[in-house]
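Data block below; observations after.
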Amino acid sequence: MIPGIAPKTAVAPVAWAPQPRHMFVFGAGFVGRYVSERLLAQGWQVSGTCTSVTKKRELEMLGMNAFVFDATESSLENIHSLRQATHLLISIPPIPGIGDPVSCVYGDCGGVLVDEDHTVNPKSESAKLRYNAEKGWLNLIDDPNLSAFIFRLGGIYGPGRSALDTLTKGKSLSQRQKLRESKQYTARIHVVDIYQAVLASMSIRCARKIFNVVDNDPAPRAEVFAFARSLIQRRYPDLITETIDDKSTGLDYQEIIVRAEKLVSNARMKQELGVNLLHPTYRSGLQSILDAWQIQSQLPNRSQ
């Protein structure tokens with residue numbers, strides 16, 4: 001993600017972001033939309049891309065100037081709002097055969113603690129594509145008046161997208177989700193803390209920087225689901241009517257070697273961006289989501 005790219009300016013550093021502030025979001029999905037809504041509430045002008053006419057209408061109802069963008073067919077020249085943007089947020093994953101359509105990646109580290117300066121060793125195709133996209137953006141930004149920030153995000157969760165929602169909707173887990181059961185470390189981050197990092201990055205000046213945006217507790221997936229289930233059963237004992245078998249994959253875990261084991265350090269995010277995590281662990285994050293379910297109409301719709 002590249003949250004802060006500001007144009008050249010002759011004003012003092014404390015006022016380097018021009019007015020009016022205009023964020024352009026490539027990929028207004030779960031994170032992009034969350035950030036957009038909050039920037040709009042602060043008086044920003046926000047434009048962005050989505051993948052369908054239906055989503056375009058939804059974004060326009062929020063107050064955004066939205067464009068349907070197909071990375072394999074659309075042209076950036078047709079997105080006129082892009083020329084007026086003071087900041088860019090890139091939230092579109094690289095595409096096989098194309099790479100970054102607009103211009104986490106460490107790989108197997110044997111469970112050691114890694115920071116942003118750790119030598120990356122991407123194994124999967126998606127990790128390699130992301131790493132190449134990072135290098136492309138960092139090499140592109142060589143103007144001292146421009147800033148580029150790469151955010152290496154943990155597993156993203158938040159309202160409507162969490163272990164609580166998976167359990168209450170009674171959805172079966174995918175094979176890929178089940179395979180994560182054997183991982184000892186899984187980095188996560190609540191969407192509100194991603195927003196905190198994006199916002200904080202806009203107040204600092206540096207040409208190029210990478211930040212790990214993760215919480216303090218890289219817990220196993222099974223532990224997270226067990227806690228989510230206990231939260232629901234205490235407050236809404238009748239809400240879960242089906243048991244999701246999130247452990248049985250039909251495969252022998254003794255024969256599976258899950259790669260990309262690592263502990264990811266968030267020290268730079270805290271020290272240089274000054275981010276004080278609102279949800280430093282999954283327990284806090286899931287509790288906050290459950291607390292927002294005040295009345296029955298706000299509970300997840302099992303039919304979705």
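The values are calculated or read from the model by the stated rules, or taken from the named source; none is laboratory data. If you're wondering where the values come from, they're calculated on a predicted model, not measured in any experiment. Cβ coordinates were reconstructed from backbone atoms using ideal geometry, including for glycine residues, and neighbour counts include every protein chain displayed.
Residues that are of a type in the set (Phe, Trp, Tyr) and either surrounded by 12 or more Cβ atoms within 10 Å (Cβ to Cβ) or modelled with pLDDT of 85 or more (or both) number at least 1 in the following helices (runs of 4 or more DSSP H) confined to the stretch 209-304: 221-235, 282-291. Of the candidates Thr54, Thr72, the single residue that is exposed (fewer than 14 other Cβ atoms within 10 Å of the Cβ), over 18 Å from Val192 (Cβ atoms) and either at pLDDT below 85 or among the aliphatic types (A, V, I, L, M) (or both) is Thr72. Within the stretch 188-206, the residues that satisfy the criterion of being buried (at least 22 other Cβ atoms within 10 Å of the Cβ) and within 11 Å of Glu272 (Cα to Cα) are Ala197, Ser201.
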